[in-house]
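Participant: Take this structure first; my questions come after.
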Ligand SMILES: N=c1c2ncn([C@@H]3O[C@H](COP(=O)(O)OP(=O)(O)OP(=O)(O)O)[C@@H](O)[C@H]3O)c2ncn1[C@@H]1O[C@H](COP(=O)(O)O)[C@@H](O)[C@H]1O
């Protein structure tokens with residue numbers, strides 16, 4: 001069982017964001033801007049979806065790692081701390097997804 005967490009990844013992304021662009025993919029993406037980073041996030045999401053629908057377990061693990069990493073880069077560029085996302089997830093634990101969906105439905 002690994003001790004590595006998204007908080008560790010957030011710290012690494014934050015540290016690498018200001019590294020030399022010839023030495024760091026993170027720095028390169030951050031320098032390229034949100035449009036490029038978000039595009040990469042979308043590509044990795046599609047790759048994860050493809051792995052899921054083809055039941056490619058090993059690739060789904062690999063693409064999920066790519067997806068989470070690129071999400072951390074996008075959040076970094078947007079200036080959104082992971083903590084804020086976790087707070088939103090925590091807030092949602094008060095209600096099931098189905099009842100939340102029902103509450104949004106037109107009467
Ligand atoms: N987790 C990751 C991680 N996951 C994926 N990637 C990189 O994401 C890039 C995108 O992958 P693709 O195959 O889609 O890239 P590509 O086809 O070459 O991309 P294009 O040029 O076509 O846009 C690759 O260069 C991967 O190496 C990552 N790069 C960095 N990290 C973490 O960030 C740390 C710092 O990395 P650097 O910022 O590169 O020092 C690493 O030690 C890791 O912990």
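The values are calculated or read from the model by the stated rules, or taken from the named source; none is laboratory data. Quick caveat, the model's predicted, so the values are computed rather than measured. Every residue, glycine among them, receives a Cβ derived from its backbone with ideal geometry; neighbour counts consider all protein chains shown.
Participant: Give me a count of the residues in the range 28-44 that are within 8 Å of the ligand (Cβ to nearest atom) and more than 14 Å from residue 75 (Cα to Cα).
Facilitator: Here the count works out to 3.
Participant: Only one residue in 31, 48, 38 is assigned to a helix (DSSP H, G or I), modelled with pLDDT of 95 or more, more than 23 Å from residue 4 (Cα to Cα) and touching a helix residue (DSSP H, G or I) at 6+ places or on another chain (Cβ under 6 Å), so which one is that?
Facilitator: Just a single option satisfies the conditions, and that option is 38.
Participant: Just checking, does the range 80-87 include any residue being loosely packed, with under 14 Cβ neighbours inside 10 Å and more than 14 Å from the chain's Cα centre (by Cα)?
Facilitator: yes
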